[in-house]
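The values are calculated or read from the model by the stated rules, or taken from the named source; none is laboratory data. Source: prediction; values computed, not measured. Here Cβ is always computed from backbone atoms with ideal geometry, including for glycine, and neighbour counts include all displayed protein chains.
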């Protein structure tokens, strides 16, 4: 557990913290300072660098989470409601991210490659909304993970 819990928390921090930074800081700054073509190219570059880290975070979260539940806590019957909620929210976030990665992000990259700026803008709006949803779920998951044991 001395390695498992820190790895689990780091996975969540990298993913949720990255979404928070992108949504709350980078997005408004880019929208204010860059014209659409440059903004879209910036986002493709940012996502190309961030999304591999999200895949790593997902793998770490799944491996460490299931290891703690099944190797340490005796299975899903031995954990509290907060762990069930954390798992449910986490799986939902992972599915939402997989959709984002394989559909809107793929379309955004194609639009930027083809210099189809209106289509790229539509895809970026779709990604922004999806990241906003996942950020809310991520923050809720952090609250459940940290306070749920005490409820």
Quiz prompt | Scope segment 122-144; condition more than 25 Å from residue 46 (Cα to Cα) and without any contact (Cβ under 8 Å) to a residue 40 or more places away in the chain; matching residues | solution = 143
Quiz item: Taking the stated definitions as given, is residue 147 loosely packed, with under 15 Cβ neighbours inside 10 Å and either in contact (Cβ under 8 Å) with a residue 40 or more places away in the chain or assigned to a helix (DSSP H, G or I) (or both)?
Solution: yes
Quiz prompt | Residues of segment 73-84 that turn out to be in a helix (DSSP H, G or I), exposed (fewer than 12 other Cβ atoms within 10 Å of the Cβ) and modelled with pLDDT of 90 or more, as a count | solution = 2
Exercise. Please state which one of 133, 124 is under 24 Å from residue 38 (Cα atoms) and at pLDDT 95 or above.
Key: 124
Quiz item: Looking only at segment 118-138, which residues are surrounded by 15 or more Cβ atoms within 10 Å (Cβ to Cβ) and more than 19 Å from residue 26 (Cα to Cα)?
Solution: 119, 137
Practice problem: Kindly indicate which of 64, 88, 141 is under 22 Å from residue 13 (Cβ atoms) and surrounded by fewer than 17 Cβ atoms within 10 Å (Cβ to Cβ). | Solution: 88
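Here's the yes/no breakdown for (1) under 24 Å from residue 114 (Cβ atoms); (2) surrounded by 12 or more Cβ atoms within 10 Å (Cβ to Cβ); (3) in contact with a strand residue (DSSP E or B) (Cβ under 8 Å, 6 or more places away or on another chain); (4) touching a residue at least 24 places away in the same chain (Cβ under 8 Å):
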| position | (1), (2), (3), (4) |
| --- | --- |
| 11 | no, yes, no, yes |
| 14 | no, yes, no, yes |
| 20 | no, yes, no, yes |
| 23 | no, yes, no, yes |
| 28 | no, no, no, no |
| 36 | yes, yes, no, yes |
| 40 | yes, yes, no, yes |
| 45 | yes, no, no, no |
